[in-house]
Amino acid sequence: MREMALGVDAEYSSRMHDLVSYGEVFADIYDDLYGGVSTEGIDLLVELSGSGRRALELGIGTGRIALPLAGRGVEVHGVDASPAMVARLRQKPNGERIPVAIGDFAELGSIQGPPST
Ligand SMILES: C[S@@+](CC[C@H](N)C(=O)[O-])C[C@H]1O[C@@H](n2cnc3c(N)ncnc32)[C@H](O)[C@@H]1O
């Protein structure tokens, strides 16, 4: 019923609110909860990035995957709905170098550049 009462923009705002809230709760503890990514995992992602060595991470978060991937020479771009999660990425070494667009990745076509800094 809630969905029926909301227009498309209101639905989007409500969804974004939920996504932003996730980041506000988890940003400070996320890396402690999940830890690092294995070397094998990063190796596989490097391989999957192909000869162009480019990747788009949907839900880039704190850069737990993106930063080691970028450190291996992959040009990583990200999308994330949570400014709090991306703020944690920005605090890390080289975290400011990764272009990130803030928005709902389910609406990729409507996310506007330029990326956040
Ligand atoms: C579980 S974390 C994973 C972060 C990172 N990929 C990693 O593995 O460490 C999920 C991330 O995706 C983001 N996210 C979830 N749904 C999203 C959506 N629809 N649009 C944009 N970001 C989203 C969250 O804000 C959060 O930063």
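Any read-out appearing in this document is the output of simple, stated calculations on the displayed coordinates, not a laboratory observation. The model shown is predicted, which means the values in this text are computed figures rather than measured ones. Glycine also receives a Cβ, built like all others from the backbone with ideal geometry; neighbour counts cover every protein chain displayed.
Here are the numbers for this structure:
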item	result
Relative contact order (%) - segment 2-110, alpha-carbon pairs under 8 angstrom, separation at least six	27
Using alpha-carbon coordinates, inclination of helix 39-48 to the longest axis of the chain, degrees	80
Percent antiparallel among DSSP beta bridges (both partners in the chain, rounded to 5)	10
Karplus-derived HN-Hα couplings along segment 16-24 (A = 6.51, B = -1.76, C = 1.60, θ = phi - 60°), whole Hz, x at Gly and Pro	4, 4, 5, 5, 5, 4, 3, x, 5
Exposure rule at most 16 other beta-carbon atoms within 10 Å, DSSP loop trypsin sites (Lys or Arg not before Pro): the chain longest free segment	1-52
Global form of segment 8-57, assessed from the alpha-carbon gyration tensor, a/c cut-off 1.5	oblate
Rg and Dmax of the chain, Cα atoms only, in Å	15.4, 48
Spatial separation of Cα centroids for segment 46-87 and segment 22-43, in angstrom	13
Gain upon complete extension [HIS77, ASP9; 0.36 nm per residue less C-alpha separation]	21.9 nm
Rough spin-label spacing in nm, given labels placed 7 Å along Cα→Cβ, for SER110 and LEU48	2.8
Peptides 56-63, 23-30 ordered by average Cβ neighbours within 10 Å, highest first	56-63, 23-30
